[in-house]
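To start, the structure itself, in structure tokens.
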Amino acid sequence: MIKISGFRYCRLGTANLNETVKFATEIIGLELVDQKDGFSYLRCDDSDHNIVYFQGDPQDHTIGLSLDTFEELDAAESKLEALGRPVYRGTDSEAEARRCMGYINFKDTSGNSIDLSVRPFASGTRYFPSRDAGITEFSHIGLKVTDPREAEKFWSHEFNFKTSDWIGWSALMTFDQVHHRYALFPSDKPGIQHINFQVAETDDVMKSNYFLRDRQVRIQAGPGRHSLSGARFVYYYGPDDMIYEYSCGVRMVDENWEPRQFPVNDASFCAWGSKPDLNILESGD
Ligand SMILES: [Fe+2]
């Protein structure tokens, strides 16, 4: 069992780096912490960074998870190789670019690019955004998977992910107390389907809802309340059609939590009655 201890970063290619960084700082509310060698590092909390953008293919996504020790990293490398998943061990300079002391990269069962990093850098300065969106945490991602049952099995058998609930075939999974760190979305290709930032309270969700609409930012869903996790949410599109989400009040789960199966319908997605595009649960797009 590979024990994930943290959810660290997303590395995202973008067709227009300057435009995307501008959107991230002025609309999402991220802090630009560094720009180096073509990579722009941004964050929404006191860690070194959470999001990295680079000029490149907008389909090129990598998810960064962390392990606690180099021993665990070595064991993970051996385990993944034994499972028939080729592992790439990053060089020191590549680790430096990921702001950690070491990492490996592999592809999951859907072809998603995953970094396992050790000793990610901390920051000595506090998060200071240019827009106060009320963000408190980089919390979860929607992960596109080509075979949701196979993906769920892979992440729960080989890693310490547990399923908290299902909606249709989509598993919402976590490695800690937060209801979900992954929401699996059936798709014909890998990638990140959405990126979630937790905000402090419902007021922040609603203030951003109006802020986004005022600026003609395309809302994807909400505002609403997720029936599964209890979180109040709003989703919107950024550059490259990446979907971002603010939410608050996500449910915590413990070892006694029993996963529940929900059908794919409006009420499963939103307890308030907002009308989601349920096709995203079928296609991941
Ligand atoms: Fe979400």
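The values are calculated or read from the model by the stated rules, or taken from the named source; none is laboratory data. Quantities reported herein were computed from a predicted structural model and do not represent experimental measurements. Positions of Cβ are backbone-derived with ideal geometry, glycine not excepted, and every protein chain shown enters the neighbour counts.
For region 138-180, how many residues are hydroxyl-bearing (Ser, Thr, Tyr), within 14 Å of the chain's Cα centre (by Cα) and within 12 Å of the ligand (Cβ to nearest atom)?
Going through region 138-180 one residue at a time, the tally reaches 1.
Out of the residues in region 186-196 that are assigned to a strand (DSSP E or B) and within 13 Å of Asn112 (Cβ to Cβ), state the one that is farthest from the ligand (Cβ to nearest atom).
Taking the candidates together, the pick is Gly191.
Residue check: is Ser208 within 21 Å of the chain's Cα centre (by Cα) and more than 14 Å from the ligand (Cβ to nearest atom)?
For Ser208, the condition - within 21 Å of the chain's Cα centre (by Cα) and more than 14 Å from the ligand (Cβ to nearest atom) - is met.
Please state which of the following conditions Ala183 fails to meet, knowing it meets all the rest: (1) away from the ligand (no atom under 11 Å from the Cβ); (2) within 24 Å of Ala267 (Cβ to Cβ).
Evaluating Ala183 over (1) away from the ligand (no atom under 11 Å from the Cβ); (2) within 24 Å of Ala267 (Cβ to Cβ) leaves (1) as the failure.
I'm checking my understanding of the structure. Among residues of region 257-277 that are at pLDDT below 90 and exposed (fewer than 15 other Cβ atoms within 10 Å of the Cβ), which one is farthest from Met242 (Cα to Cα)?
Lys275
Output the residues belonging to region 224-235 that are away from the ligand (no atom under 12 Å from the Cβ) and in contact with a strand residue (DSSP E or B) (Cβ under 8 Å, 6 or more places away or on another chain).
Answer for region 224-235, where residues must be away from the ligand (no atom under 12 Å from the Cβ) and in contact with a strand residue (DSSP E or B) (Cβ under 8 Å, 6 or more places away or on another chain): Arg225, Ser227.
How many residues does region 25-58 contain that are part of a helix (DSSP H, G or I) and surrounded by fewer than 23 Cβ atoms within 10 Å (Cβ to Cβ)?
Summing the residues that are part of a helix (DSSP H, G or I) and surrounded by fewer than 23 Cβ atoms within 10 Å (Cβ to Cβ) in region 25-58 gives 3.
Test Phe154 against the stated conditions and say whether it is out of contact with any Leu (no Cβ under 7 Å at 6 or more places or on another chain), surrounded by 15 or more Cβ atoms within 10 Å (Cβ to Cβ), closer than 20 Å to Val253 by Cβ and at pLDDT 95 or above.
The answer is no for Phe154.
State which residue pairs qualify: first residue under 17 Å from His179 (Cβ atoms) and inside region 230-241, second residue away from the ligand (no atom under 14 Å from the Cβ) and not in a strand (DSSP E or B) in any location, beta carbons under 7 Å apart, and separation of 6 or more residues or different chains.
Arg232/Thr202
Go through the residues of region 184-202 one by one and say whether even a single one is more than 18 Å from Ala151 (Cβ to Cβ) and among the acidic types (Asp, Glu).
yes
For the condition closer than 19 Å to Glu158 by Cβ and either of a type outside the set (D, E, K, R) or in contact (Cβ under 8 Å) with a residue 40 or more places away in the chain (or both), what is the one hit in Thr25, Thr69, Thr91?
Selected residue: Thr69, the only one of Thr25, Thr69, Thr91 that is closer than 19 Å to Glu158 by Cβ and either of a type outside the set (D, E, K, R) or in contact (Cβ under 8 Å) with a residue 40 or more places away in the chain (or both).
Any idea which of (1) under 26 Å from Phe23 (Cβ atoms); (2) modelled with pLDDT under 95 is the one Asp203 doesn't satisfy?
The failed condition is (2).
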